[in-house]
Number of protein chains: 2
Amino acid sequence: MRTTIRDVAHRLNLSITTVSRALDGYDDVSEDTRKLVTETAQEMGYAPNRAARQLRRQRTDTIGYIIPANSAGFADPFFSEFIAGLGDEAAAHSYDLLVSTAPPASPIEQALYRRWVQGGKVDGMIVNRICLDDWRLEHLAEQSVPHVSLERSLSQLDFIGIEADSYNGFLELMAYLVNQGHRRIAYMGASPELKIDHDRYAGYQAGLDAAHIAENSTFVARADLTPEGGYQTAQILLMLAHPPTAIVCVNDLTAIGTMHAAHERGLKVGRDIAIAGFDGIADAAHTQPPLTTLDQPVYAIARRLVMMLMALINNKSLEERQVRIRPKLLIRESTGGRMNN
Amino acid sequence: MRTTIRDVAHRLNLSITTVSRALDGYDDVSEDTRKLVTETAQEMGYAPNRAARQLRRQRTDTIGYIIPANSAGFADPFFSEFIAGLGDEAAAHSYDLLVSTAPPASPIEQALYRRWVQGGKVDGMIVNRICLDDWRLEHLAEQSVPHVSLERSLSQLDFIGIEADSYNGFLELMAYLVNQGHRRIAYMGASPELKIDHDRYAGYQAGLDAAHIAENSTFVARADLTPEGGYQTAQILLMLAHPPTAIVCVNDLTAIGTMHAAHERGLKVGRDIAIAGFDGIADAAHTQPPLTTLDQPVYAIARRLVMMLMALINNKSLEERQVRIRPKLLIRESTGGRMNN
DNA sequence: TTGTAGGCGTTATCAA
DNA sequence: TTGATAACGCCTACAA
């Protein structure tokens, strides 16, 4: 049996009330008593039972995040960085982070939401990998569960969270490539239901438009955000009779796979073909050649999301309900340039 | 207010006892009642309050894992894969996974353990990145909290978990390199307190020994498991008057940084220098050139760890308390070979 | 400054 | 087959 507050109280011949208040820092307890209590509690290895506290306080001091894992054994550094950010910021508020994985829109995911949200296992949720039409956001809004998201859905009335300005990021990237002389630029995206694909594709199109280049449908391909998917799909693009001279990818992992495919066909990336990604994962700086990418501060974004969620949960006012972050174009050798970084 | 079991009972003019038992699948409740209850509960969106259930049952159906994050903004794909494995297997047992991050052996980490373990927030713990002398394992054993670990410490009396056979893996890798004609082989490790560094370094030494090569202390370097660290540290090795012709790295990220440094000095990896890693992260197959590595099935290991922990928590018997996994040598172009994969 | 007592929502024991 | 009732450990009005 673990030590409870009763044990501590009993040892000191005090009431549990006094012990409770001493430990919680109420000011209606004498300094001597407080000191005695905290020391004894420490010594006995007492820590308040979380379940009991939760039941009583009607809050869990826990937030939840479900990793949208499509395939078993996936491994996007984006998530380790994201989770590290969530965990660190949560810990800074003495909150815990509950994590699970579930394929998007699967029954597993729905069961999890039920268990966590209806069962009061979490006080709020973090959501990402948003779809244009996303049941999770609707569900959470309906249940009035505090939540923040990275990216927003179209149906969302009152969006609270952060979004990357993918559109303008891609526009900038496209302008850069056009400026380098590229006219045959391909887009390697992800599932078109994803908000990020939607935005980045739109940025791609706008970039073509601005340069008065007609869109070529054979230059639009979609993979699954993994290096493997990028590798496979890039092969198709590269086998075209008139292949592209540049490929912009929806994320870094896809770009890494794409580079691999290009190398394999004997192309020198950065000279024979330009390839760029999105995310700015740590690896991207160390690929060969280093990868041009639209860098977004994933760790900082995660922390900021938790800060926003904390405010929401505790009914604090939010200075900004919707934060827009412009990714930073890091030009490296994979697109031939050496302008910075 | 969320719907409670009372609401359901009230709506059906039944006692909460009956509702509880109907939902939990006891057989002393009539089929009609059960059907009625489950349907109504579903319709009302009832899910049992977790805190109350935990308090009553004295178990949380939750396991914990603390990511040993040394630096902010780290991002090792090892962890996303590991966490995905933990989450998936936990979910398969209807368990939840509580995650946090803390620098190893920091006060933050200790406070977390206190909150989770003493506070009964988790039923068991997963531990990895084991140090030769690891306070976490001692603490958990002392408190008799169920736990399993990836790797073991020296002080551990009764180790339950999985360990990679790093020693023999490195031995095999060294034999391969020697066989390729390498005599000047460097070791790029991590903190020597880590069990993985200890084992892999020992394997490196044994490999030298077997080939009757004297150890050269300038060929032993240590980084911090990141690409950045590998990059920095490799520069030192490569600037030696007589640099190594091969570098074996303690993990893939370090190897990626090392490759970067080599490229930067104009070396063609796989021809002018051989570089190998450990882990088998997905990226490793798509680096340029593809990275030779000792592949360990991280996702499967994570799942297996949770299975073992489940057995421990539920007092089931464990067929194997200590599992040893031999990593698989994947020879790719970064060491010049093309033998497989 | 300290103590008494009620209840958070469940599950389990016992009685009907 | 069902229902009343007592905990689980904690916090907090209220009383002393």
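Results for (1) surrounded by fewer than 18 Cβ atoms within 10 Å (Cβ to Cβ); (2) in a loop (DSSP other than H, G, I, E, B), shown as yes or no for each residue.
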{"position": "B:152", "(1), (2)": "no, yes"}
{"position": "B:157", "(1), (2)": "yes, yes"}
{"position": "B:162", "(1), (2)": "no, no"}
{"position": "B:169", "(1), (2)": "no, no"}
{"position": "B:176", "(1), (2)": "no, no"}
{"position": "B:183", "(1), (2)": "yes, yes"}
{"position": "B:188", "(1), (2)": "no, no"}
{"position": "B:199", "(1), (2)": "no, no"}
TODO: May I ask you to list the residues in segment A:126-181 that are in the same structural domain as residue A:308 (by TED's automatic domain parsing), out of contact with any Asp or Glu (no Cβ under 9 Å at 6 or more places or on another chain) and on the phi > 0 side of the Ramachandran plot?
DONE: A:144
Task: segment B:215-240 - residue that is at pLDDT below 95 and part of a loop (DSSP other than H, G, I, E, B) and, of those, farthest from residue B:78 (Cα to Cα) - done: B:224
Task: residue A:75 farther than 21 Å from residue A:141 by Cα, touching a residue at least 24 places away in the same chain (Cβ under 8 Å) and surrounded by 18 or more Cβ atoms within 10 Å (Cβ to Cβ) - done: no
- [ ] For segment A:1-65, please list each of the helices (runs of 4 or more DSSP H) lying entirely inside it that holds at least 2 residues being near DNA strand D (Cβ under 7 Å from one of its atoms) and more than 14 Å from chain B (Cβ to nearest Cβ).
- [x] A:16-24
TODO: Say whether the condition of being assigned by TED's automatic domain parsing to the domain that holds residue A:101, more than 8 Å from DNA strand C (Cβ to nearest atom), surrounded by 13 or more Cβ atoms within 10 Å (Cβ to Cβ) and among the β-branched types (Val, Ile, Thr) is met by at least one residue in segment A:32-40.
DONE: no
TODO: Read through the list (1) more than 10 Å from DNA strand D (Cβ to nearest atom); (2) at the interface with chain B (Cβ under 9 Å from one of its Cβ atoms); (3) not in a helix (DSSP H, G or I), then give the number of the only condition that residue A:80 fails.
DONE: (3)
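Count, please, the residues in segment B:272-287 that happen to be facing another protein chain (nearest Cβ under 8 Å) and touching a residue at least 12 places away in the same chain (Cβ under 8 Å). Break it down into steps so the answer makes sense when it comes.
Quick first cut of segment B:272-287, residues facing another protein chain (nearest Cβ under 8 Å) only: B:281-283, B:285-287.
When the remaining residues are screened for being touching a residue at least 12 places away in the same chain (Cβ under 8 Å), the result is B:281-283, B:285, B:287.
Total satisfying the criteria: 5.
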- [ ] Name, by its number, the condition in (1) closer than 30 Å to residue A:307 by Cβ; (2) among the charged types (D, E, K, R); (3) at pLDDT below 90 that does not hold for residue A:96.
- [x] (3)
Task: Close pairs from segment A:20-40: first touching a residue at least 12 places away in the same chain (Cβ under 8 Å) and charged (D, E, K, R), partner outside any loop (DSSP other than H, G, I, E, B) and near DNA strand C (Cβ under 9 Å from one of its atoms), Cβ under 7 Å, at least 6 apart - done: A:34/A:22
- [ ] Evaluate the following for residue A:304: is it within 26 Å of residue A:97 (Cβ to Cβ) and in contact with a strand residue (DSSP E or B) (Cβ under 8 Å, 6 or more places away or on another chain)?
- [x] yes
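The values are calculated or read from the model by the stated rules, or taken from the named source; none is laboratory data. None of these values were measured; they are calculated from a predicted model. Cβ: placed from backbone, ideal geometry, glycine included. Neighbour counts: every protein chain shown.
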